[in-house]
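For reference, the structure discussed in these notes is given below.
The values are calculated or read from the model by the stated rules, or taken from the named source; none is laboratory data. Values in this document were obtained by computation on a predicted structure and should not be read as measured data. Methodologically, a virtual Cβ is constructed for each residue, glycine included, from the backbone with ideal geometry; neighbour enumeration extends over all protein chains shown. All accessible areas refer to the heavy atoms of the entire protein, side chains included, with ligands and DNA or RNA removed. Shrake-Rupley method; radii C 1.70, N 1.55, O 1.52, S 1.80 Å.
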Amino acid sequence: MRLDNRYATFAWAGAKVTPSPLRDPQLLLLNSELAEQLGIHLSQTQWRDLVSGHWLAPEMSPFAQVYAGHQFGGFSPQLGDGRAMLLGEVIAPNNQRWDLHLKGAGKTPFSRFGDGRAVLRSSLREYLASEALHHLGIPTTRALALVGSNEPVYREQTESGAGLLRAAPSHLRFGHFEYFYYQKQPEHIPTLLDYLIDTQWPELTKDATGYAALFARVVEKTAELIAKWQLVGFCHGVLNTDNMSMLGLTLDYGPYGFLDAYDPDHICNHSDSGGRYAYDQQPAVGLWNLQRLAQALSGVIALESLQAALSHYEQQLMGAYSAGMRHKLGLVSWQAGDPELFRDMFTLMAAQKVDYTNWFRQLAQLTVKGEMPAQLLALLSEPAAGVAWLTRYQQRLAEENIEHQVKVAQMNSVNPKYILRNHLAQQAIEKAEQGDMAEADRLLMVLARPFAEQPEYEAYAQSAPSWARDLTISCSS
Ligand code: AMP
Ligand code: MG
């Protein structure tokens, strides 16, 4: 593997660290396809030893990054990699740069009161979700390998420690810039911006103009990311500025969740009693977070440029969202009554607690004339009210002038059949905790083709069984 550890040369941006080995490690998952893409060729033993902190490739230079962040609205001046470390920056065969980031590798100077560890439950949740989002076409950090261990880790109960090796073009967060701004070390901000430009966006100039363009990009990528989350029904759960990626990637999976029944107020993080990060709050929170980033960059980018970029956010997000929603509904032309049609659909879905994913998938089967598919009607708790809306939708579809089968194919290419439902993750975790990875392997395989029909895995497309409806996910990880 080819490494170029530029970030670790910024002594002021963190600390050199050493992973603390996990006891009796076992390699549980390896993403061979991604390893190949990154040009990393290791034996199974080397993977196990790397991800459990027993071995480092000679070119690696582990480094914990310092950052700050607004957490639930309040500013925390010093966070940082408290249980993760950058092992190095890999230059892939296609010359793309990838951070190798090891989570659960033990204490660092930024651990505060934490133990520096990650448990199997949350590490597997992150592995599953990041791969699921990737295959749904949503920008995200990736999972490269997972190890389990016999190391006891104390959360609400005793769990076992794990290591997750993840990869992303960069792990720079809004919080990195907030840290240096509030520490009154503004000289480091251009250095980090230059780093981002050199490594990700070399077409930008390293001056005020380039920095303004960079911020505009961050705004746009954030808007696009959140539009994609909303379209697929993904709820991040902890949208603090330290979990916001400068590249617009989904970052730091905690108590995330996909919508089962459509509920705009859905809160996936049971510690978020106020619903600050509820599903329908995510677009507004994205803007609030970007405003915090703008503040941190205000010393190097003109206020007008920051404001101009921020002023486009809503339109960028709504533009991406409404285009995406039209695709989900198989509509190409634009008709005057569409906003009401969409609004009434969401009212219906919320009132009848319709399964969000299965609704769009089944809607594709509806023809302009003729009987309504039983599987579609079965998603409604009061079919009569639903049929009224479906009849309007049929009339609207009739104006599209598209062949039914063509429409089905188009809709199925944007409406996944398989998402990472909470209960599926839970089942894979319970098996993994008993030492059986077969369920996690199967789930990853199903989620790698979310838009395909996989008749042998029909059960994975079912809405949550009643035992799972009340599964709440805590922040503890
Ligand atoms: P998170 O909620 O995982 O995004 O983490 C928020 C902050 O707490 C980050 O600075 C983490 O590095 C730190 N942190 C979370 N869990 C631990 C832990 N077990 N040990 C040390 N630091 C942690
Ligand atoms: Mg975090």
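Tell me the residue from GLU187, GLU151, GLU178, GLU159 that is within 16 Å of ligand 2 (Cβ to nearest atom) and of a type in the set (D, E, K, R), please.
Just a single option satisfies the conditions, and that option is GLU178.
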Filter result (within 16 Å of ligand 1 (Cβ to nearest atom), open to solvent by less than 10 Å² (accessible area, probe 1.4 Å) and among the polar types (S, T, N, Q)) within the stretch 215-267: ASN240, THR241, SER245, THR250
Restricting attention to the stretch 340-354, does a residue exist that is out of contact with any helix residue (DSSP H, G or I) (no Cβ under 8 Å at 6 or more places or on another chain) and open to solvent by less than 50 Å² (accessible area, probe 1.4 Å)? yes
Residue among GLN365, GLN395, GLN375 that is open to solvent by 10 Å² or more (accessible area, probe 1.4 Å), part of a helix (DSSP H, G or I) and more than 23 Å from TRP334 (Cβ to Cβ): GLN375
Checklist (1) surrounded by fewer than 16 Cβ atoms within 10 Å (Cβ to Cβ); (2) in a helix (DSSP H, G or I) applied to ILE189, failing item: (1)
Please find, within the stretch 237-289, the residue that is farthest from ligand 2 (Cβ to nearest atom) out of those that are of a type in the set (D, E, K, R) and assigned to a helix (DSSP H, G or I). ASP280
May I ask you to list the residues in the stretch 398-409 that are outside any loop (DSSP other than H, G, I, E, B) and either open to solvent by 90 Å² or more (accessible area, probe 1.4 Å) or closer than 14 Å to ASP344 by Cβ (or both)? GLN405
Give the residue that is surrounded by the fewest Cβ atoms within 10 Å (Cβ to Cβ), with candidates limited to residues of the stretch 110-136 that are in a helix (DSSP H, G or I) and either hydroxyl-bearing (Ser, Thr, Tyr) or without any contact (Cβ under 8 Å) to a residue 40 or more places away in the chain (or both). HIS134
Considering each residue of the stretch 378-392, count those that are surrounded by 15 or more Cβ atoms within 10 Å (Cβ to Cβ) and in a loop (DSSP other than H, G, I, E, B), and give that number. 2
Looking at the stretch 65-79 only, could you name the residues that are within 15 Å of PHE180 (Cα to Cα) and either more than 13 Å from ligand 2 (Cβ to nearest atom) or open to solvent by less than 10 Å² (accessible area, probe 1.4 Å) (or both)? GLN65, VAL66, ALA68, GLY69, PHE75, PRO77, GLN78, LEU79
Exactly one of these conditions fails for ALA425: (1) outside any loop (DSSP other than H, G, I, E, B); (2) open to solvent by less than 10 Å² (accessible area, probe 1.4 Å); (3) in contact with a Ser or Thr (Cβ under 9 Å, 6 or more places away or on another chain). Give me its number. (3)
Just to be sure before I move on: is GLY161 within 15 Å of ligand 1 (Cβ to nearest atom) and open to solvent by 10 Å² or more (accessible area, probe 1.4 Å) in the structure I sent? no
Exception for GLU314 within (1) under 24 Å from ASP265 (Cβ atoms); (2) open to solvent by less than 50 Å² (accessible area, probe 1.4 Å); (3) not β-branched (Val, Ile, Thr) falls at (2)
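Considering only residues that are open to solvent by less than 20 Å² (accessible area, probe 1.4 Å), in a helix (DSSP H, G or I) and of a type outside the set (Asp, Glu), which ones fall in the stretch 167-186?
Scanning the stretch 167-186 gives PHE174, GLY175, HIS176, PHE177, PHE180.
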Of all residues in the stretch 80-109, which are more than 15 Å from ligand 2 (Cβ to nearest atom), within 22 Å of the chain's Cα centre (by Cα), of a type in the set (D, E, K, R) and open to solvent by 20 Å² or more (accessible area, probe 1.4 Å)? ARG97
Qualifying positions in the stretch 75-107 - in a strand (DSSP E or B), more than 17 Å from TYR195 (Cα to Cα) and within 13 Å of ligand 1 (Cβ to nearest atom): SER76, ALA84, MET85, HIS101, LEU102, LYS103
Quickly run through the stretch 54-74 and pick out the residues that are more than 23 Å from the chain's Cα centre (by Cα) and more than 14 Å from ligand 1 (Cβ to nearest atom). HIS54, TRP55, LEU56, ALA57, PRO58, GLU59, MET60, SER61, PRO62
Only residues in the stretch 157-173 that are among the hydroxyl-bearing types (Ser, Thr, Tyr) count as the first member; pair them with residues that are within 16 Å of ligand 2 (Cβ to nearest atom), Cβ under 8 angstrom, at least 6 apart or cross-chain, and list the lot. SER160/VAL119; SER170/ASP99; SER170/SER245; SER170/MET246; SER170/LEU247
Taking SER333 and the conditions (1) outside any loop (DSSP other than H, G, I, E, B); (2) touching a residue at least 40 places away in the same chain (Cβ under 8 Å), which numbered condition does it fall short on, given that it satisfies the others? (1)
